[in-house]
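The values are calculated or read from the model by the stated rules, or taken from the named source; none is laboratory data. All of these numbers come straight from a predicted model, not from anything done at the bench. Cβ sites come from the backbone with ideal geometry, for glycine too, and all protein chains shown count toward neighbours. With ligands, DNA and RNA removed, areas are computed over all heavy atoms of the protein, side chains included. Shrake-Rupley method; radii C 1.70, N 1.55, O 1.52, S 1.80 Å.
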Amino acid sequence: SLLATDSIAHIRDIQMDKQGNLWFISAFLLTRYNEATKKLDYYPIDKYFDATSICISSDGTLWVSTIGGYLKKYDAASNSFTSYDLFSHSDKSMNTWIEKLYITDNDKILIGTSIHGAKLFDIKTSTYEDILTYNPDKTEIFARNFVQTSEDECWIGTESGIFIYNMKTKALTNLRKKYNDPYSISDNAVYTFCKDKEGGIWAGTYFGGINYYPKQYSAFKKYFPKN
């Protein structure tokens, strides 16, 4: 065990960087464990921030989200963080909880929030955009998880079903439970995803178990003889 028995808490997230450091969040405390030296380094909440999720970009940089709605970029040389406000054009009087960070193949960060839906942060420009904010009935969206399904497409797991987001066209498609349709998703509360080696997507839900969506292969084009 890396933590003493009396300090074990809910592990919210865990990632390994390119330097052999295991980063994890215990409750809301960001912690680093070096596998070679067996050393634990803590980033106390009162000195740093309440951490909620972590991801690592392709260059090995650690990114951390916070309860207060900030994205933190770790600088290993100075052992410090640079902050980016992900609610700079949102109503900050409302909940700014960030639930999940997810790095895409093109090094953009998808951000899931508790009532502000999903955001997309561009590492190159250090800017963000709100890509999914409200349901069709104008209620808030809790975005819990993500999976990239193709070069231009990402799936967003929410309490309102699955939203398929096209990063090129910015189009959104919502997959929801339909009570009279046995082929629809079994539950709208989608918590986690797994993409298998065949390209199929497994979606874990809160009430409806696991749902499987197979990769849509190209159909045959048929040619028939004519007179």
Distance (nanometres) between label positions extended 7 Å along Cα→Cβ at ASN34 and THR82 | 2.4 nm
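Which FRET efficiency, nearest 0.05, do LYS177 and TYR42 yield, Cβ-Cβ r, R0 41 Å? Intermediate results must be reported in sequence, preceding the final value.
On the way: r = 42 Å, r/R0 = 1.03.
That gives a FRET efficiency of 0.45.
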Choice from SER83, SER93, SER114 showing the highest fluctuation, given a GNM over the chain with Cα pairs closer than 10 Å = SER93
Once you put a point 7 Å from the Cα of ASP105 and another 7 Å from the Cα of LYS92, both along the Cβ direction, what distance in nm separates them?
-> 3.7 nm
Lysine pairs in region 105-227 with alpha-carbon atoms under 14 Å apart, 8 or more places apart or on different chains: how many are there?
-> 6
Sorted largest first, the C-alpha extents of region 102-168 along its principal axes in whole angstrom are 33, 23, 18
Pull out the extension gain between LYS124 and ASP137, defined as 0.36 nm times the separation in residues minus the alpha carbon to alpha carbon distance; nm, one decimal.
-> 1.3 nm
Mind ordering 49-55, 72-78 by average Cβ neighbours within 10 Å, highest first?
-> 49-55, 72-78
Based on the mean of other Cβ atoms within 10 Å per residue, sort peptides 132-141, 56-65 so the most packed one is first.
-> 56-65, 132-141
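Starting from 0.36 nm per residue, how many nanometres of slack lie between LYS168 and LYS197 once their C-alpha separation is accounted for? Can you show the working numbers first?
Working: separation 29, 0.36 × 29 = 10.44 nm, distance 2.41 nm.
Length gained between LYS168 and LYS197: 8.0 nm.
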List the chymotrypsin sites (Phe, Trp or Tyr not before Pro) in region 168-216 that DSSP assigns to loop (not H, G, I, E or B) and whose Cβ has at most 14 other Cβ atoms within 10 Å. Which are they?
-> TYR179, TYR183, TYR206, PHE207
When the convex hull of the C-alpha atoms of region 66-225 is computed, what volume per residue in Å³ does it have?
-> 176 Å³
Quick one: accessible area per residue over the chain, 1.4 Å probe, rounded to a whole number of Å²?
-> 58 Å²
Rg/Rg_ref, region 1-115, where Rg_ref = 2.2 N^0.38 Å and atoms are Cα = 1.06
Kirkwood hydrodynamic radius of region 57-160, Cα pairs, Å = 14.1 Å
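List the equivalent ellipsoid semi-axes of region 36-77 in whole Å, largest first, each obtained as the square root of 5λ for an eigenvalue λ of the Cα gyration tensor. Walk me through the numbers on the way to the answer.
Numbers: eigenvalues 67, 50, 15 Å².
For region 36-77, the semi-axes come out at 18, 16, 9 Å.
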